[in-house]
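Take a look at the structure set out below.
All of the numbers you see were taken from the coordinates with simple rules; none came from a lab. Here the structure is a predicted model, which is why all the values come from computation and not from measurement. When we count neighbours, we look across all protein chains shown, and the Cβ atoms used for this are built from the backbone with ideal geometry, even at glycine.
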Amino acid sequence: MDSRQLLYFRAVVDHGSFTHAAEALNMTQPSLSLSIRKLEKELNVQLLTRGRAGVKTTEAGVYLYSIASKVETLLSDATQRISEIAEGAAGSVSISSAPEFNWLFMPEVLHRMFESAPDVNIFLDDPEPTITLNRVLEGSIDLGLMPSTDPQAFAQRYRDELIVHEATEMEFRVAVPERLSHLPDPVSLADLSKETWILPPRHPEFIGMPELLDQVFLKTPGAVPSRIQEISTLQTGLPLVSGGIGICLLPSSAQALNHRGIHYRRIAEGIPPMQALLIFRRDRDLSPAAKQLVDLILDVGGECEESLLDNANLL
């Protein structure tokens, strides 16, 4: 028994006769009758009774008709769903993103994705960058969004395994607690040298914020912090700053969080911006939905961070 036989059977029942069903199916009546007889023989049961008033279903025929209706609906739904998946309007995409990109950048990306493809399921989590990198390399997720202060070095190191896009650029601000709210904007690094700097750890897999600050402090040795406290992700630094424990270098997008007791200052000496790198395996065949999300990430990334921050403040 196959879907074609079920289609023929349902047509006969719907039209009440072989003649009308054959016309609707654009086939000869003998061919249709032969197909139904083969189906009855295969199932070893009579499905239809034939009489002057037309055909009627037996008890087995009534049951098979209900099955045929469900199968037709399933096939129709499957055809539509497959078409939507092929067009990127359905399906699923998994992405790991560093927490700092989920404050302002990714919400805008996801908003636009939902508007254009509401039936696509997005699976988003925010582990530390090394976990994101490893998940992408092992193929357990589609996309990764991670920070880097040297995207060229990262792309060169993983050139054989990964496609690397510079998605967006984020300017840094130093987050200070309430007790330092009197500091000017911009503030000199020398004025912060006695504070505890709250920083993410160094990672051998890529160059990050600690290495960036090494270069900054090399040029301003008098500003080298007296104490450093490590955190797993930048997001962890927010409550520590709010609690007055220290200061933390954060993307300016953190201002959109309006975290209580935190003030943001520019650095007078200037600090190079951080890059958000969009990565995926070079040998991975991305689904249409994943490709659509990639395009949106790059589109939103092309807009200046200040513009996104202004839009967030209007909400």
Query - Point-charge dipole on Cβ atoms (K/R +1, D/E -1) for the chain, about Cα centre, debye to 20 - result: 1240
Requested in this report: Take the Cα radius of gyration of the chain and divide it by 2.2 N^0.38 Å, with N its residue count; two decimals is plenty.
Outcome: 1.59
Query raised in the report: Picking from Asn121, Asn26, Asn102, which is most flexible by a Gaussian network model of the chain using Cα springs under 10 Å?
Result: Asn26
Query raised in the report: In terms of Cα to Cα distance under 20 Å, which aspartates and glutamates are near enough to Lys219, apart from those fewer than 8 places away along the same chain?
Result: Asp150, Glu171, Asp191, Glu195, Glu211, Glu269
Query raised in the report: Under 5 Å between amide H atoms, partner at least 5 residues away or on a different chain: which partners does Glu195 have, H built in plane at 1.01 Å?
Result: Ser226
Report summary line: When the charge dipole of the chain is computed with +1 at the Cβ of Lys and Arg and -1 at the Cβ of Asp and Glu, the Cα pointing farthest to the positive end, of Ser83, Val136, Leu286, is that of Ser83
Report summary line: Summing +1 per Lys or Arg and -1 per Asp or Glu among the other residues with Cβ less than 10 Å from Val136's Cβ gives 0
**Report entry** Estimated distance in nm for a label pair at Ser3 and Ser33, the labels positioned 7 Å out from Cα along Cα-to-Cβ
**Finding:** 2.9
Report task. Go through Pro147, His15, Leu47 and say which Cα lies farthest out towards the positive end of the charge dipole of the chain; charges sit on Cβ, +1 for Lys and Arg, -1 for Asp and Glu. Result -> Leu47
**Report entry** Full-extension gain in nm, Leu183 to Glu138, via 0.36 nm per residue minus C-alpha separation
**Finding:** 11.6 nm
Report task. Give the calculated FRET efficiency between Ser226 and His111 to the nearest 0.05, with a Förster radius of 45 Å applied to their Cβ-Cβ distance. Result -> 0.60
Query raised in the report: Using helices alone, what [θ] at 222 nm do you get for the chain, with -39,500 (n - 2.57) per DSSP H run of 4 or more residues, divided over all residues and rounded to the nearest 500?
Result: -13500 deg cm²/dmol
Query raised in the report: About its Cα centre, what dipole magnitude does the range 172-272 give when the only charges are +1 on Lys and Arg Cβ and -1 on Asp and Glu Cβ, stated in debye to the nearest 20?
Result: 200
Query raised in the report: Say each of Asp191 and Thr233 gets a label point 7 Å from the Cα, pointing the same way as Cα to Cβ; how far apart are those two points in nm?
Result: 3.2
Query raised in the report: Can you give me the relative contact order of the range 172-272 as a percent, contacts being Cα pairs under 8 Å and 6 or more apart?
Result: 52
